[in-house]
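These notes are about the structure you will find just below.
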Number of protein chains: 2
Amino acid sequence: MPILANDPSRRSWIDVSKDSDFPIQNIPFGVFLTRDDVITIGTRIGNKAIDLGALHQLGYFKDIPLTDDIFLQDTLNDFISDGKKTWRLVRNRIAEIFDKDNPDLRDNQEHRKIVLFDLNEIEMQLPVQIGDYTDFYSSKEHATNVGTMFRDPNNALLPNWLHIPVGYHGRSSSIIPSGIPVHRPMGQTLPAGKETPEFGPSKLVDFELEMAFITTDANHLGEPIPIEEAEDYIFGMVLLNDWSARDIQKWEYVPLGPFLAKNFASSISPWIVTLDALEPYRTAGPKQEPDPLPYLQYEGNKSFDINLEVDLTPDGGKPQTITKSNFKYMYWTMAQQLAHHTVNGCNVNSGDMMGSGTISGPTPETYGSMLELTWKGEKPIALNDGTERKFIQDGDTVTLRGYCDNGVTRIGFGKVSTKLLPTFNKEKKK
Amino acid sequence: MPILANDPSRRSWIDVSKDSDFPIQNIPFGVFLTRDDVITIGTRIGNKAIDLGALHQLGYFKDIPLTDDIFLQDTLNDFISDGKKTWRLVRNRIAEIFDKDNPDLRDNQEHRKIVLFDLNEIEMQLPVQIGDYTDFYSSKEHATNVGTMFRDPNNALLPNWLHIPVGYHGRSSSIIPSGIPVHRPMGQTLPAGKETPEFGPSKLVDFELEMAFITTDANHLGEPIPIEEAEDYIFGMVLLNDWSARDIQKWEYVPLGPFLAKNFASSISPWIVTLDALEPYRTAGPKQEPDPLPYLQYEGNKSFDINLEVDLTPDGGKPQTITKSNFKYMYWTMAQQLAHHTVNGCNVNSGDMMGSGTISGPTPETYGSMLELTWKGEKPIALNDGTERKFIQDGDTVTLRGYCDNGVTRIGFGKVSTKLLPTFNKEKKK
């Protein structure tokens, strides 16, 4: 089935500015609370949010096999379970409805009032109920930087790294959408030169520039997904800021991996951009050497050219871009990650989320964390307000942005923006 | 509110044999499919399963504030969200209804037909939708054994172990109830003396003798749970067999912890025994030295005396007990685990599950895994059928059992029993 929604020549009767992340070719999916306090599934064109629940009730999807309440839900999980064919039919239909030459909704003022919202009338929610969250570690530059700093510069990559898309399980409950602030976590750390730990606020709170993909029901327990089928089970992608407390991490992570250093919060952008919408931006990933084992080998372009930027905004100050990277730097592809994750029979459900790991490029300006940008704090970043940063300070807002642009169409993810608050204080709250 | 349900002198009008895990003092909670293909929440006395959904519809819980459909659900999550006071009211009422001197249900044959099931008429389900699964590593003997085998016998415990209830995130999707067989996983391993990995079936599949607790909604993101409140948020406990592939684990786990070596399956017993029911079996845990940090310090007995046994049954053969251990050997208590888990603000929801980690006691006959029982395979276990085992073979069934017995009342968990099948074969299945 052709992806008609991707036609680059199509224009919408909704105004879309040239630098918008949300032209009619994007058609992402999200969940929002409306001005009438109703939760609905929606999409976005330009600066208008579109209530798909209302649109469906008004009969605009009548030829597509959808249950009546598929969009009247507080998560996308059921819609994602409907599978790739349905996602494509729905995106194609939305493209038709909002095409500048289609008068059906364009000229129906009554329906437009019901279906369209200004962005300030809605509140974006977490788009899916995330059953399981896995985080990979798939940027070779990031893994090399970390290995160089903390282990051995001459053997920075561990022996398994070039053979396995290394990953671990994260915490689903603390994944939050853009806009929800995060408290600086308390925890155990081992001060330099000491033998016993102390307890207190983390001193080294960091962001991690990541992207994540959301899956549909992929397999039954026990049945691996072959790599050539893996992309069929990927619904779409979001931006992910995997908040990290480096000092807690250092003390706790041997031998079972990061735990409290990561699970206090992970922030995602609220609009899921479908893999279909990203088709025009496919590109080759880095050459993999040595060859991976057969179950991880693939043909064709399975990476995506997605520009990524991170802004740091001091409390009351102005945003400053502190890194520019690209998703295409990832060594392991999403298809490899999903094939690896299921090769032992692990089952993957609708709404599961898998993070890329910190995305660092080949040069220092493209690194994806303060840890790397300031090289453990040895090279602080100078901010325009005259202050400097080794790690994230209370009151700072970290904003990740991402977009594809092939000179014809720009498709973006919007942003995930999160303010770091001081450590939680029960007394103060009362 | 007193826990009337625990009265050791009470007897039921349902027959309960002396060695039953389910006297009227237990009153565990589970979910089952009935002979009429209906899913309901239930409890168990002796060898009778009791349909709580039907009992509620018949008016037996009329003075307790419960929504009409609280037991007519396919998971216990909503009931668990109702909180400790409600759990206690319901257990106390069930104890009254089934008291041998209470004629209400006992003498109502019509109601009895609706409410009571023989065990062969029902099929036990997973009792909760597990949002997040965390596995701790809280047996000092287990951690010492593993450290001795794989690192340094003189420094077997890592420096953080005595300060932190070390834990990591596991996979929720592959948690299954007793009775569901598990396929031997495929995966990457590094053969001895080789520098590049190979792909194939795991050769070292192991069980892990664990218990796990199920939580209720405990806190909002950002707000720690003080240790003195932690037990209020624990609904109950189950037996957990945390299946492990030792060869996959060895190759993949540095630096982010176990992943595919564990997430192919974790099996639990289907009846959740409440913390209330376990009250009479409280005991002190091992002395903790050095003192833990203040947020992990507690008063009173926060461990439980629970006898644990593991049987191995060869295909077509007879069960043989291969280890006997006890939950009281655990170094870190559940209260400490939950306080630690949330001290950074990580939020815990109804239905989350937290495993103890492998429970090994002080002597070789009390070790909780084949890895330890056979000391990496160096000392195979002789089975009564003349064969021996270093690890688990295809066709073997592993059964974990657990019970408390203070000489007055015996309260048990039943069992979690799982057969290991050969590696999944797509062609064979067709």
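Table for the structure above
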| quantity | calculated |
| --- | --- |
| Rounded to the nearest 20 debye, dipole of the stretch A:4-124 from Cβ charges on Lys, Arg, Asp, Glu | 500 debye |
| Which listed pairs, of B:Lys140/B:Lys328; B:Lys85/B:Lys328; A:Lys318/A:Lys419, have C-alpha distances above 22 Å, in listed order | B:Lys85/B:Lys328 |
| Karplus 3J(HN,Hα) series, Hz, for the stretch A:400-417 with 6.51 cos²θ - 1.76 cosθ + 1.60 (x for Gly, Pro) | 9, 10, x, 7, 9, 8, 9, x, 10, 10, 10, 10, x, 9, x, 8, 10, 10 |
| Dipole axis of chain B (+1 Lys, Arg; -1 Asp, Glu on Cβ), positive-most option in B:Leu383, B:Leu157, B:Gly167 | B:Leu383 |
| Solvent exposure, largest accessible area first (probe 1.4 Å, DNA, RNA and ligands not counted), of B:Val16, A:Val166 | B:Val16, A:Val166 |
| Inter-chain shielding of A:335-347 (mean C-beta neighbours from other protein chains, 10 Å cut-off) | 5 |
| Inter-probe distance in nm under a simple model that places probes 7 Å from Cα toward Cβ, at B:Glu123 and B:Val408 | 4.1 nm |
| At least 20 Å² of accessible area lost relative to the chain alone, listed for the stretch A:399-427 with a 1.4 Å probe | A:Phe424, A:Lys426 |
| Length-normalised contact order of the stretch A:4-124 in % [C-alpha pairs under 8 Å, at least 6 apart] | 32 percent |
| Other-chain or far-sequence residues with amide H under 5 Å of B:His183's (modelled H) | B:Leu421 |
| Separation of alpha-carbon centers, the stretch B:77-127 and the stretch A:305-365, rounded to whole Å | 50 Å |
| Accessible heavy-atom area order of B:Ile80, B:Ile3, highest first, probe of 1.4 Å | B:Ile3, B:Ile80 |
| In sequence order, calculated HN-Hα J values of the stretch B:307-321 (Karplus, 6.51, -1.76, 1.60; Hz; x Gly/Pro) | 6, 10, 9, 10, 10, 10, 10, x, 3, x, x, 9, x, 9, 6 |
| For the pair B and A, total buried accessible area rounded to nearest 100 Å², probe 1.4 Å | 5600 Å² |
| 13 Å reach of a label modelled at A:Ser173, 7 Å along Cα-to-Cβ, counting backbone N of the stretch B:152-169 | B:169 |
| Per-residue average of Cβ from other chains inside 10 Å of A:173-179 | 3 |
| Cβ nearest the rotation axis (A onto B), residue from chain A and distance to the nearest whole Å | A:Gly257, 1 |
| Of all accessible heavy-atom area on the stretch B:30-175, the percent that carbon and sulfur account for (1.4 Å) | 44 percent |
| Charge dipole (the stretch A:1-90, unit charges on Cβ, about Cα centre) - positive-most of A:Pro2, A:Ala49, A:Val16 | A:Pro2 |
| Unit charges on C-beta of K, R, D, E only; dipole of the stretch B:133-429, Debye | 980 debye |
| Solvent-accessible area of B:Tyr253 with every protein chain in place, 1.4 Å probe, in Å² to the nearest 10 | 60 Å² |
| Distant alpha-carbon pairs in the protein assembly as shown (separation over 40 angstrom), percent | 39 percent |
| Angle in degrees between helix B:140-150 and the longest Cα principal axis of chain B, rounded to the nearest 10 | 20 degrees |
| A:Leu158 accessible area, assembled protein chains, probe 1.4 Å, Å² | 40 Å² |
| For B:Leu126, distant residues with modelled amide H under 5 Å away | none |
| Approximate shape of the stretch B:106-264 as ellipsoid semi-axes (Cα gyration tensor, √5λ), whole Å, largest first | 36, 24, 14 |
| For residues of B:248-255, the mean tally of beta carbons on other chains within 10 Å | 6 |
| Listed residues A:Arg401, A:Arg93, B:Arg11 arranged by accessible area, highest first, probe 1.4 Å | B:Arg11, A:Arg401, A:Arg93 |
| For chain B, alpha-carbon Rg relative to the globular expectation (2.2 N^0.38 Å, N residues) | 0.99 |
| Per residue accessible area in Å² of chain A, where ligands, DNA and RNA are left out and the probe is 1.4 Å | 38 Å² |
| Residue among A:Thr216, A:Leu256, A:Asn145 farthest towards the positive dipole end of the protein assembly as shown, charges placed on Cβ | A:Asn145 |
| Within chain A, longest stretch free of exposed GluC sites (Glu not before Pro) [DSSP loop, at most 15 other beta carbons within 10 Å] | A:1-194 |
| Per-residue ³J(HN,Hα) for the stretch B:293-306, Karplus 6.51 cos²θ - 1.76 cosθ + 1.60, θ = phi - 60°, Hz, x for Gly and Pro | 4, x, 5, 10, 8, 9, 10, x, 8, 10, 9, 9, 8, 10 |
| Degrees separating the helix A:84-97 axis from the principal Cα axis of chain A, which is the longest one | 60 degrees |
| Using a 7 Å Cα-to-Cβ projection, A:Met1 label spacings across copies, nm, ascending | 5.1 |
| Amide H contacts of B:Ser303 (H built 1.01 Å from N, under 5 Å, at least 5 apart or other chain) | B:Thr283, B:Gly285 |
| Alpha-carbon radius of gyration plus Dmax, which is the widest Cα pair, for the stretch B:190-323 in Å | 19.5, 54 |
| Where N is the number of residues in the stretch A:79-158, Cα Rg divided by 2.2 N^0.38 Å | 2.00 |
| Around A:Phe117: net Lys/Arg minus Asp/Glu count, Cβ-Cβ under 9 Å | -1 |
| With DNA, RNA and ligands ignored, accessible area of B:Trp161 (1.4 Å probe; Å², nearest 10) | 10 Å² |
| Surrounding net charge for A:Thr274, when Lys and Arg each add one and Asp and Glu each subtract one, Cβ distance under 11 Å | +1 |
| Inter-centroid distance (Cα atoms) of the stretch B:387-411 relative to the stretch B:220-242, Å | 26 Å |
| Share of Cα-Cα pairs in the stretch A:4-124 lying beyond 25 Å, as whole percent | 16 percent |
| Surrounding net charge for A:Arg88, when Lys and Arg each add one and Asp and Glu each subtract one, Cβ distance under 15 Å | -4 |
| Chain A: relative contact order in percent, alpha carbon pairs under 8 Å with at least 6 residues between | 20 percent |
| For the protein assembly as shown, size of Cβ-based charge dipole, Lys and Arg +1, Asp and Glu -1, in debye | 1040 debye |
| Measure of compaction for the stretch A:318-430 (Cα Rg per 2.2 N^0.38 Å) | 1.37 |
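The values are calculated or read from the model by the stated rules, or taken from the named source; none is laboratory data. The shown structure was predicted, so the numbers you read here are calculated from the model rather than taken from an experiment. Here the Cβ is made from the backbone with ideal geometry for all residues, glycine too, and neighbour counts use every protein chain on show. Just the protein is used for accessible areas: all its heavy atoms, side chains included, with ligands, DNA and RNA removed. Shrake-Rupley method; radii C 1.70, N 1.55, O 1.52, S 1.80 Å.
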